[in-house]
Every structure is written in C-alpha cells, then in structure tokens.
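Worksheet: the structure to be examined is printed underneath.
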C-alpha cells in the first residue's frame, strides 16, 4: 500500500498513461457489463475471473475500473525472482506473489502464508484483490477446474477481522474476440457477489466442505457468463464458430450479443447427432484452407481480379506513411513476441507489458534525443509522439489489410479443383449442421 499521498498520485498518473495507450492502441472496443454489481468503494471483496490471456486479464479488469480505485492482483511467484528492481516494480503496481507446488515445490508454498496475510490486510482496508480460481490460464474459450485457494483467502481475511465484517467474492468473466491480434473487442461481465458472512458459522465447524461448496457455486456463476467451447475437439469447434458455417459470423452485432449467439451455436453443435462426422469434416476443411493460405472470410468475400489489385495499388500509395508509422509501433508489435514462450497466450501479454512499460517510453526518449538534440526539431518530435495513437491504429489497419490482400491472392491462385473440394466439404458440414433443425 502507498506510504504517502504523493506516491499515490504518482501511481495514478502512471496508471492513466498505461490505460491511455492500452485502450487506444491495443483494444478497439471494450464492453463492461454489470458494473453496478461491484460492491461500493471501501467494502471488502475479491474479484474472481476466468483466466485466458495471462497478464492481459488483470490489466483489462484494472483499466475497466476507476483510476482512483487501487486494485491488487495475484501473480505467479517466479516473476518476482527475476531481478530486485522488477520485484519492487511488481509490488508497486499492486501484484502479490502466489506460490504453486508445481513451480516452487512444497517449501515454496509456506511463503503463501505471508501472501495470505498481505491479501487480508488489503481486503480489510477496502482494496479489492483479483484472483483467478483456475490457478493458471487456459489455452482457449473453456473453463478449467477451480481450486479452493480463493475461498480460502477470503475466509482468511474474514478471520483477520474476527468474522465481524462481510467478505464478498464477485464472479466475473472475460471474453476476447481474438487472443493474439490487436485492435479487437473485449467483454468483461460482472455477476452478483457471493457474500461469505452467512457461511461464517458453518465454516468454523466444517471449513473444507463449506469452501468446496462455495467454490462450486462460484465456478457455476462464472461459467454461465462466458463462452465455453470445451477442451475436446477445441480447434475444430473454434474453427467452425469463427467460420461462415456459423450464421452469426457475417452478422454485425456487438460482441456481448455475438458471444451469446456463439454459445448457442456451440451447444447446438455438441448436441448434433452427426457431431463426430462434422468434427472430422471440419478438421479436413481447416487443413485444406490453411494449406492454401486462405480462410473462411476470404472465401465468403470471393475476391476477384479487379478489387484485389485496386487494394494493392492503394497499399502501395500508403506505404510511405506505413513505414513512418513503424517507429515505434512496428518495434512494439514485432519484438516482444520474439521473447515469447511456446504458450500462445503469452503473445499479447508480452507485447502489452513490454510495449507499455519499456518500449514506448524508451522510443519517446530516443525520438527526442535524435530529432531534438541532433537536429533541433524539438516541437516536431513532440508532435510525432502525440500522434502515436492514430499512427498506431493506422499501422495495425495497414498490417491487417496486407494480410487480407495476401489471402485474396492465395484464393485467386488456387485451382478450381482445390476450391471445389473446399466448397464440397463446406456444403457437407452445412447440411449436417442444418439437419438438426429440420
């Protein structure tokens, strides 16, 4: 917690800077639903959420809340041992270490007693704490089993105040339009809080059963607010959901409504009597499209030899502006994933953290040094930096449009036989999907 008012305002300014770049360069549109369900400022509560995109998950929660609200979050303990300066920074921005048996072993778990005490102190002081009950992130739109760790923390905080004050757990759920791309939409849904005070007496008699029951209820509430495709045949179901075989794909609708429609599509798919055949055909269709370097939206657009060259000419004309916009956005987009683990869910988290915390500030200083100190263009350097938000959005638009044009040329170069085989698989899957509704 902050030791002075000056430090508090310094952190608020820093958080405002992070949110500005995050909301305007990385995110296109966010939807925060159920904000009225959050307890009033000063109440004692935890924020529970599904965990799908590593560091971006807590950031998206923090940036959806008022700047004046100090929010803490648990993070894997191994990141606190990289360097003392990084440890100080992580504590300063409100992260607390969570030790796990699979990483730090049994001895490491003993450090969690101190973390539990720190969490209890913050929650009882009226600061919410973000916890992900899956105790690890998933690799897609599904929900892993919950541990009882969060509920255990909440009752530890209740014990610290003598079981006199209520502790609440607020179930919430994320949904990302895309985990990896930039300038996509994001949903954060907030459900009604679970009050622990009615359970205090039973907890003191049967703590384990009470914690299991609350954890089960918490998971059910979060599951009801999210898109869950399930782990089994995930790649094929995700492909079908994002393809034109899903009637919602080509419809313009806000992401929250799209998420609900997609869940109905997945539910219908999984209950389809021809499910196994559909999955086999979907795997074949996905493989053939990938081999040709095209996707479902490209096929639906039916590119032709008039519009595709026209887009090419436009992109060539805009190329000088794109090259200029690559400083610093090209560096911020391309460099962080080079440090990435094989886990795809780290990709945008690396990009977000390294860009906001290191690369954008560093390139701003370099811009002033080069343009200002070397050539004396101080005000030009300032204007360029102030234009980084629109140039960043343009850089991503250009990059995305190049991808679309490349796929269009791949489509135009494909043989009639290859496209015919894809069309046949598409028709076969579509007929099996529609059979269920006849």
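Taking 0.36 nm per residue of separation and subtracting the Cα-Cα distance, full extension of the segment from residue 369 to residue 327 would add 13.7 nm. Packing here is the average count of other Cβ atoms within 10 Å per residue, and on that basis the peptides 20-28, 165-173, 78-86, highest first, run 165-173, 20-28, 78-86. Mean projected area of the Cα convex hull of segment 348-438, taken over all directions, amounts to 10.9 nm². Scoring 323-330, 47-54 by mean Cβ neighbours within 10 Å over their residues and listing the highest first yields 47-54, 323-330.
If both residues of a DSSP beta bridge must be in the chain, then about 25% of such bridges are antiparallel. Here each label is just a point 7 Å from Cα along the line to Cβ, and for residue 202 and residue 418 those points are 6.1 nm apart.
With a cut-off of 15 Å on the backbone N, the residues of segment 68-90 near the modelled label site 7 Å out from residue 10 along Cα-Cβ are 88-90.
In Å, what Kirkwood hydrodynamic radius results for the chain from the alpha-carbon pair distances? Let's see the in-between values first.
Working: mean 1/r = 0.0409 Å⁻¹.
Hydrodynamic radius (Kirkwood, Cα pairs) of the chain is 24.4 Å.
If both residues of a DSSP beta bridge must be in segment 5-224, then about 25% of such bridges are antiparallel. When peptides 31-37, 345-351 are sorted by average Cβ neighbour count within 10 Å, with the highest value leading, the order is 345-351, 31-37.
From Cα pairs below 8 angstrom and at least 6 apart in sequence, can you work out the relative contact order of segment 5-224, rounded to a whole percent? Before the final figure, lay out the partial values.
Values: 337 pairs, mean separation 64.2, N = 220.
That works out to 29 percent.
Its relative contact order, with pairs defined as Cα atoms under 8 Å and 6+ residues apart, puts the chain at 18 percent.
We did not get these values from a lab; they are worked out from the coordinates using the rules stated. All values reported here derive from a predicted model rather than from experimental measurement. For neighbour counting, all protein chains shown are included, and Cβ atoms are generated from backbone atoms with ideal geometry for every residue, glycine included.
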